[in-house]
Amino acid sequence: VTTPVRILGAGAAVPSLRLPAAEVAAAWGAKGGRGQAAVCAPDEDVLTLSWQAAEDAMAAAGVGHDEVDALFWGTSRPPFAEGPSHSMLAGVLRLRSDAGGLLASGSTHSGMEALLAAWDAVAAGSARVALVVAADALVPGLGSSLELRAGAGAAALVLSADGGTAGLQARATWFEPILDRHRGDSHDATQDLYDPRLFREEVFLPVVTEVGRKLATEAGDIRAWALPDPDGRLGGAVAKKLGADTKVADAVTAFLGETGAAMALLGLVASLVEPGTVAAIAYGGGRTTGVTVDVETPVPGASALAPALSTGRFASYPEALRARGQLVASGTPVPMGVPPGSAGFVRGAHEMLELLGARCVECGTVNVPPTIHPACINCGNDKFEIQELARKGTVHTFVVNHTMPAPFVAPLPLCVIDLEDGTRVMLQGTADDAASLQIGDTVHLLLRRYAVERGVPVYGFKAKKEVVAA
Ligand SMILES: [Zn+2]
């Protein structure tokens with residue numbers, strides 16, 4: 001028996017590119033290929049998607065970043081296989097330095113593991129407010145069946161012991177120690193199932209159906225289900241056995257494809273917009289876990305997912321391969337002058353990732369970034385107060401670089417931005433805005449991956465034009 005906990009808010013993030021399955025099929029000489037999948041642009045990854053979903057969930061919940069006691073993050077593709085993944089996400093989210101939590105990884109079940117760990121922490125009282133993020137950007141083996149559907153996306157929930165308009169109620173889990181989709185230490189991409197029919201009949205269908213039945217027994221009438229669907233047919237087969245309505249979660253999959261560790265929570269977030277009991281089941285690495293949520297009134301933030309699904313632009317198969325790093329130009333990229341582990345990065349980590357400025361106590365000028373300005377650029381004073389910069393502003397001026405050495409990708413805008421708090425900063429823009437950017441445009445500062453330098457990702461904020469609803 002578990003203690004119920006409450007959901008205060010929800011968020012979601014989708015990447016920029018959409019790859020039609022027919023493009024992939026054609027590349028391998030096959031006909032057909034239904035649907036599409038979401039793919040990260042070269043400057044997006046699991047960290048940037050997670051940041052966006054988490055920021056939106058905290059804003060929807062009305063929870064400040066200093067109120068979050070612990071961050072629970074699940075993904076099969078953390079930005080570092082081993083390294084500072086969790087601390088970097090906590091950093092870009094401006095969480096308190098004593099925020100705890102965990103990174104669950106190793107399979108597409110990890111998003112659900114993060115949710116359960118957060119639930120337990122809140123129920124036990126070790127975290128008053130917990131932030132859950134489930135995200136993925138799958139990298140399928142070339143020519144594999146997963147390649148037709150391998151997607152990307154992120155979902156986030158803010159949990160607490162009380163408040164909110166929905167609550168986590170029941171859970172059920174099951175494991176089978178079998179080899180399914182996997183990635184060994186020597187593999188860059190996910191290896192496909194060896195025998196899909198064996199997996200379907202003897203593992204997936206019986207286990208997922210059993211977990212679904214347990215949830216239905218505990219929770220009673222379940223209005224909507226988010227089911228795992230490794231091949232585009234298995235989810236439907238389970239739904240048939242359970243008599244489950246999967247329309248809401250299927251709409252997410254139709255736009256984004258199979259989103260790995262994010263799939264169950266994305267389907268859940270999509271279902272939190274109407275009252276009633278909803279269920280989500282995750283599968284990965286031989287593990288199956290499901291939860292139910294009782295929704296009293298729509299969860300703040302959940303309704304933002306549906307309109308976000310139809311955004312994005314189509315990418316060709318080669319463009320998707322380049323974005324995933326599976327098609328690489330020959331030649332030697334020009335390395336940055338300073339390695340990502342050097343003093344400048346280490347001492348500037350907080351100001352870079354949290355977007356901080358130094359306000360001169362004498363004249364009020366905000367100096368950015370703080371560590372390279374020992375004296376105020378306006379009055380020469382050396383006393384400052386560190387402050388968080390605004391994340392919205394207008395373009396003061398810009399240039400577009402059309403020739404960039406690798407790892408940068410042309411065309412690349414470089415923008416001088418006047419932020420809402422009066423600070424002037426210079427930042428990169430995004431390639432998608434290069435052709436249409438104008439002086440005076442309203443821009444948001446979004447976390448992006450600037451480069452993969454000496455094998456590791458380097459992050460910073462870019463200015464992106466505000467999307468004005470037509
Ligand atoms: Zn000054």
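The values are calculated or read from the model by the stated rules, or taken from the named source; none is laboratory data. The structure presented is a predicted model; accordingly, all values stated were derived computationally and were not measured. When we count neighbours, we look across all protein chains shown, and the Cβ atoms used for this are built from the backbone with ideal geometry, even at glycine. Just the protein is used for accessible areas: all its heavy atoms, side chains included, with ligands, DNA and RNA removed. Shrake-Rupley method; radii C 1.70, N 1.55, O 1.52, S 1.80 Å.
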Quiz item: Looking at 53, 25, 38, 59, which one is under 26 Å from residue 149 (Cβ atoms) and either of a type in the set (Val, Ile, Thr) or surrounded by fewer than 18 Cβ atoms within 10 Å (Cβ to Cβ) (or both)?
Solution: 25
Quiz item: Out of all the residues in region 343-371, which are under 14 Å from residue 422 (Cβ atoms), assigned to a loop (DSSP other than H, G, I, E, B) and either open to solvent by 40 Å² or more (accessible area, probe 1.4 Å) or away from the ligand (no atom under 11 Å from the Cβ) (or both)?
Solution: 363, 368
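Taking residue 300, is it assigned to a loop (DSSP other than H, G, I, E, B), touching a helix residue (DSSP H, G or I) at 6+ places or on another chain (Cβ under 7 Å) and open to solvent by 20 Å² or more (accessible area, probe 1.4 Å)?
Working: assigned to a loop (DSSP other than H, G, I, E, B): yes; touching a helix residue (DSSP H, G or I) at 6+ places or on another chain (Cβ under 7 Å): yes; open to solvent by 20 Å² or more (accessible area, probe 1.4 Å): yes.
Criteria met by residue 300.
Let's see how each residue does on (1) without any contact (Cβ under 8 Å) to a residue 12 or more places away in the chain; (2) away from the ligand (no atom under 16 Å from the Cβ); (3) among the acidic types (Asp, Glu); (4) surrounded by 15 or more Cβ atoms within 10 Å (Cβ to Cβ):
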{"site": "378", "(1), (2), (3), (4)": "no, no, no, no"}
{"site": "386", "(1), (2), (3), (4)": "no, no, no, no"}
{"site": "402", "(1), (2), (3), (4)": "yes, yes, no, no"}
{"site": "405", "(1), (2), (3), (4)": "no, yes, no, no"}
{"site": "420", "(1), (2), (3), (4)": "no, yes, yes, no"}
Practice problem: Go through 157, 142, 102, 131 for me and flag whichever is surrounded by fewer than 21 Cβ atoms within 10 Å (Cβ to Cβ) and part of a strand (DSSP E or B). | Solution: 102
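Restricting to region 422-449, name every residue that is open to solvent by less than 40 Å² (accessible area, probe 1.4 Å) and within 24 Å of residue 340 (Cβ to Cβ). Reasoning before the result, please.
Our first condition is that a residue be open to solvent by less than 40 Å² (accessible area, probe 1.4 Å); within region 422-449, this holds for 423, 425, 427-430, 433-434, 437, 441, 443, 445-448.
Listed by number, the residues that qualify are 425, 427, 428, 429, 430, 445, 446, 447, 448.
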Practice problem: May I ask you to verify whether residue 393 is at pLDDT 95 or above and surrounded by fewer than 14 Cβ atoms within 10 Å (Cβ to Cβ)? | Solution: no
Self-check item: Answer from 237, 226, 261 - the residue that is surrounded by fewer than 20 Cβ atoms within 10 Å (Cβ to Cβ) and of a type in the set (A, V, I, L, M, F, W, C)
Solution: 237
Self-check item: Which listed residue, of 409, 458, 468, 452, is out of contact with any Gly (no Cβ under 8 Å at 6 or more places or on another chain), β-branched (Val, Ile, Thr), closer than 24 Å to residue 47 by Cα and open to solvent by 50 Å² or more (accessible area, probe 1.4 Å)
Solution: 409
Quiz item: So which of 155, 170, 135, 124 ends up being under 29 Å from residue 222 (Cα atoms) and free of Cβ contacts under 8 Å to residues at least 24 places away in the same chain?
Solution: 124
